[in-house]
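Engineer: Structure incoming, see below.
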Amino acid sequence: MSGTATNQFGRLARFADNVLPLHLLVGIGIVVVGLTLVTPFALEAFGDNAFMAATIPAGLLTIAATQLAERAPDRRALWFVFGLAIVLRGYALWFDPLLSSDVYRYVWDGRVQAAGINPYRYVPADEALAFLRDGTIFPHINRADTAVTIYPPVAQFFFLVVTRVGESVTVMRVALLGCESVTVLVIVLLLRRMGRPLTRVTAYLWHPLPIWEIANSGHVDALMVALMLLGLWIALAGHALRGAVVIAFSVLVKPYVAPVLAGIWRPWDVKMPLVVIATAALCYLPYLSVGWGVLGFLTDGYLTEEGIRAGNDLWLLSLWRLVFGEHQSDVVAYVVLAALILLFKGLSVARSSHRSIASTLADINMLLLVTLLLLSPNYPWYFLVITPFVALCGSAPTWVASIGALLLSEQLDWDFYIPRMVTKSVLFGGLLLAWAFMAWTTRMQRTADTGTSA
């Protein structure tokens with residue numbers, strides 16, 4: 001009888017260890033699907049606050065799902081996780097872009113280049129481009145009469161290639177989903193190489209930020225992230241210069257990913273900076289007919305429009321001003337200090353003696369979080385750059401920043417507008433608290449380990 005009881009207990013234990021987590025994972029998946037299904041209609045009916053009310057809980061549920069997936073049978077869990085991720089993206093793709101019109105500019109830039117015109121030369125509303133206008137893309141282009149394109153050359157190459165397949169928003173978003181598939185593949189490869197459960201990819205696949213900002217809004221950041229991770233994979237495989245070239249391509253999609261290069265650079269290695277500079281020069285070469293105009297709207301208007309020149313939307317500087325008031329040249333002082341912080345942190349990462357893949361990825365993750373804190377961007381899609389690291393590193397600060405970024409979906413044209421300073425304080429204040437908590441737990445663990453060894 002005792003043997004029978006032991007066998008029954010063992011079967012129950014195996015059920016609890018394997019089947020129960022899978023069932024709970026399925027349950028969470030169903031809730032995530034429900035939240036995703038209602039999100040577009042909630043946005044349409046009640047505004048962007050309702051969008052946040054649906055997406056942020058989905059992000060929190062993804063944390064629980066990632067933990068459960070690690071305890072569930074690998075093969076079954078992975079099939080379910082990937083299947084549901086495809087469904088969620090297909091659903092988001094079904095709707096027109098909800099909170100951003102940037103993808104229309106991508107299609108326009110591709111069309112302009114196909115006509116043999118430099119996309120940095122004319123604003124879309126210029127009469128020289130009148131023959132390219134239509135009723136589907138042109139009316140939705142933001143800043144059509146004030147800004148030439150802001151996007152760097154690798155993004156422009158991508159726009160040209162994709163629009164040769166089809167000049168539509170759907171084709172562009174599908175292409176960006178293709179970039180996202182590269183991101184997912186590299187995440188899986190890196191997890192396998194680090195010996196970590198492949199089910200951790202749940203953290204990325206179910207995260208609402210890439211679902212809505214890539215599958216629905218179609219942000220080119222998907223290309224940037226794919227190139228960044230691919231470059232890291234190549235560099236970590238022992239081909240640092242080749243990896244640097246691919247990461248340079250990533251920087252030429254969105255420049256704020258540049259600190260990643262510090263993770264694969266070694267001090268006094270002059271080859272890598274020269275290779276990166278040469279890569280940038282070659283990519284800009286086809287567009288140099290407009291001279292400094294290749295910098296597009298970035299230097300002419302974007303820094304002003306986003307409150308960076310005035311410092312209004314730099315969160316840390318805004319906090320300083322609340323306490324000490326605004327002073328002349330405080331923006332310059334802030335930019336110099338921020339640059340020094342990034343330089344010091346980058347050199348610290350480059351000189352690190354801990355060169356395992358896990359530690360390198362953790363250092364790069366930290367660099368990107370510091371960059372986002374210092375830049376404090378106004379839009380959630382800027383935080384796509386850290387979403388792969390919720391799967392690769394899984395740190396609390398990364399979860400807080402990536403989910404908190406959804407608070408930046410707030411738009412000015414809705415009632416109950418929450419001031420940007422408030423949403424950024426919740427987001428970045430949460431990030432700082434998460435860092436403090438992580439430092440405290442690490443210190444407590446070291447103290448406990450020291451006590452045990454003694």
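Quick grid of which residues meet (1) more than 23 Å from the chain's Cα centre (by Cα); (2) surrounded by 13 or more Cβ atoms within 10 Å (Cβ to Cβ); (3) closer than 30 Å to Arg242 by Cα; (4) of a type in the set (Val, Ile, Thr):
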residue: Pro267; (1), (2), (3), (4): yes, no, yes, no
residue: Leu298; (1), (2), (3), (4): no, yes, yes, no
residue: Gly325; (1), (2), (3), (4): yes, no, no, no
residue: Ile341; (1), (2), (3), (4): no, yes, yes, yes
residue: Arg351; (1), (2), (3), (4): yes, no, yes, no
residue: Met366; (1), (2), (3), (4): no, yes, yes, no
residue: Val370; (1), (2), (3), (4): no, yes, yes, yes
residue: Leu375; (1), (2), (3), (4): no, yes, yes, no
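Engineer: Might you let me know whether region 230-245 holds any residue that is part of a helix (DSSP H, G or I) and within 13 Å of the chain's Cα centre (by Cα)?
Structural biologist: no
Engineer: Quick check on my filter: what residues within region 315-353 are over 20 Å from Phe428 (Cα atoms) and touching a residue at least 40 places away in the same chain (Cβ under 8 Å)?
Structural biologist: Gly346, Leu347, Val349, Ala350, Arg351
Engineer: Follow-up. Going by what's in this entry, would Ser318 be described as at pLDDT 90 or above, in a helix (DSSP H, G or I), exposed (fewer than 15 other Cβ atoms within 10 Å of the Cβ) and over 23 Å from the mean Cα position of the chain (by Cα)?
Structural biologist: Answer is no for this residue.
Engineer: Follow-up question, since we're still on this one. Quick one: would you say His219 is more than 29 Å from Thr279 (Cα to Cα) and touching a residue at least 24 places away in the same chain (Cβ under 8 Å)?
Structural biologist: For His219, the condition - more than 29 Å from Thr279 (Cα to Cα) and touching a residue at least 24 places away in the same chain (Cβ under 8 Å) - is not met.
Engineer: Among the candidates Ala175, Ala147, Ala155, single out the residue that is surrounded by 20 or more Cβ atoms within 10 Å (Cβ to Cβ) and outside any helix (DSSP H, G or I).
Structural biologist: Ala147
Engineer: List, please: which pairs have Cβ atoms under 9 Å, are six or more places apart or on different chains, and start with a residue in region 79-96 that is of a type in the set (Phe, Trp, Tyr) and end with one that is in a helix (DSSP H, G or I) and loosely packed, with under 14 Cβ neighbours inside 10 Å?
Structural biologist: Short answer, once both residue conditions are applied: Tyr91/Leu37.
Engineer: Then there is this: Output the residues belonging to region 246-284 that are closer than 25 Å to Phe159 by Cα, of a type in the set (Val, Ile, Thr) and in a loop (DSSP other than H, G, I, E, B).
Structural biologist: Matches in region 246-284: Val253 only.
Engineer: Related question: Return yes when Ile418 is aliphatic (A, V, I, L, M), surrounded by 14 or more Cβ atoms within 10 Å (Cβ to Cβ), under 22 Å from Leu375 (Cα atoms) and modelled with pLDDT under 95 and no when it is not.
Structural biologist: Against the criterion (aliphatic (A, V, I, L, M), surrounded by 14 or more Cβ atoms within 10 Å (Cβ to Cβ), under 22 Å from Leu375 (Cα atoms) and modelled with pLDDT under 95), Ile418 qualifies.
Engineer: I want to confirm something. Restricting to region 125-156 and keeping residues that are of a type in the set (Phe, Trp, Tyr) and touching a residue at least 24 places away in the same chain (Cβ under 8 Å), which single residue is farthest from Trp94 (Cα to Cα)?
Structural biologist: The selected residue is Tyr151.
Engineer: Yes or no: region 103-115 includes at least one residue that is surrounded by 19 or more Cβ atoms within 10 Å (Cβ to Cβ) and of a type in the set (Lys, Arg).
Structural biologist: Yes, region 103-115 contains a residue that is surrounded by 19 or more Cβ atoms within 10 Å (Cβ to Cβ) and of a type in the set (Lys, Arg).
Engineer: So, one more: Among the listed residues Tyr104, Tyr122, which satisfies the condition of being within 24 Å of Asp221 (Cα to Cα), of a type in the set (Phe, Trp, Tyr), out of contact with any strand residue (DSSP E or B) (no Cβ under 6 Å at 6 or more places or on another chain) and free of Cβ contacts under 8 Å to residues at least 60 places away in the same chain?
Structural biologist: Tyr122
Engineer: Here is a follow-up. Specify which of the listed residues (Leu232, Leu205) is touching a Gly at 6+ places or on another chain (Cβ under 7 Å), surrounded by 24 or more Cβ atoms within 10 Å (Cβ to Cβ) and of a type in the set (A, V, I, L, M, F, W, C).
Structural biologist: Answer to the check: Leu232.
The values are calculated or read from the model by the stated rules, or taken from the named source; none is laboratory data. All of these numbers come straight from a predicted model, not from anything done at the bench. Please note: Cβ atoms are built from the backbone with ideal geometry, for glycine as well, and neighbour counts cover all protein chains shown.
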